[in-house]
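One structure is given here, and the rest of the page talks about it.
The values are calculated or read from the model by the stated rules, or taken from the named source; none is laboratory data. This one's a predicted model, so the numbers in the text were calculated from it and none came from an experiment. All Cβ positions, glycine included, derive from the backbone under ideal geometry; neighbour counts span all protein chains shown. Just the protein is used for accessible areas: all its heavy atoms, side chains included, with ligands, DNA and RNA removed. Shrake-Rupley method; radii C 1.70, N 1.55, O 1.52, S 1.80 Å.
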Amino acid sequence: MRAARLKERVYITFTALAVVLALRSHHATAEHAGYTLLIAAAGTLLAVFVADVVSHIAVHAVLPTRTELRGMLHVIRGGFGALVVPFVLIGLAAAGAWPIDRALRVSTTVLLVSLIVIGYLAVRRVRLPIQQKLIVLFAEFVLGAAVVGLELLAH
């Protein structure tokens, strides 16, 4: 369950990062940014839920039990936690507290930092030397930065 929650956070964080970067390049309003992020996140989480159900059926040759379905839904619900800060920042922009561009820029930074935190949570209990743990965290940061670079290049 822990691995599934971390995996879900990574998926939704990368999705949110891509959406936020796209919104920055399109000069979206705060309201449009909020709706777009919500729709993209909901679509991603729904797709992951469907993939979990289908993979369960393929591996076990039976439908998931109610308990298993509840577990899958719990994991998905937790994925929205990765979006709290970007939604708060966009909400502040919608309220006029600051420009939407700044909210999206700060959201980008927060999402990249989130990836590092998720990586830390993944490796903190692994029996690896600290140098190897740092390499894993650095690699995750580099991959996150590569996503940012590719998104910026695409737009």
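Run down L69, L152, L104, L92 and say which single residue is part of a helix (DSSP H, G or I) and within 25 Å of M1 (Cα to Cα).
On the way: L152 fails: within 25 Å of M1 (Cα to Cα); L104 fails: within 25 Å of M1 (Cα to Cα); L92 fails: within 25 Å of M1 (Cα to Cα).
Going through L69, L152, L104, L92 in turn, the sole match is L69.
Can you tell me which residue in segment 18-59 is surrounded by the most Cβ atoms within 10 Å (Cβ to Cβ), limited to those that are in contact with an Asp or Glu (Cβ under 8 Å, 6 or more places away or on another chain) and over 22 Å from A95 (Cα atoms)?
L45
Could you check, for segment 11-30, whether at least one of its residues is farther than 20 Å from A154 by Cα, out of contact with any Gly (no Cβ under 8 Å at 6 or more places or on another chain), in contact (Cβ under 8 Å) with a residue 24 or more places away in the chain and of a type in the set (D, E, K, R)?
No, that holds for no residue.
Yes or no: L37 on the phi < 0 side of the Ramachandran plot and not in a helix (DSSP H, G or I)?
Values: on the phi < 0 side of the Ramachandran plot: yes; not in a helix (DSSP H, G or I): no.
It is false that L37 is on the phi < 0 side of the Ramachandran plot and not in a helix (DSSP H, G or I).
With the requirement that a residue be open to solvent by less than 70 Å² (accessible area, probe 1.4 Å) and under 26 Å from T15 (Cα atoms), what does segment 60-85 give you?
Within segment 60-85, L69, G71, M72, V75, I76, G78, G79, G81, A82, L83, V85 meet the criteria.
Do you know which residues across segment 94-140 are touching a residue at least 12 places away in the same chain (Cβ under 8 Å), open to solvent by 50 Å² or more (accessible area, probe 1.4 Å) and of a type in the set (S, T, Y)?
Y120
Of these, V84, V113, V75, V106, which one is closer than 15 Å to L38 by Cβ and not hydroxyl-bearing (S, T, Y)? Break it down into steps so the answer makes sense when it comes.
Details: V113 fails: closer than 15 Å to L38 by Cβ; V75 fails: closer than 15 Å to L38 by Cβ; V106 fails: closer than 15 Å to L38 by Cβ.
Just a single option satisfies the conditions, and that option is V84.
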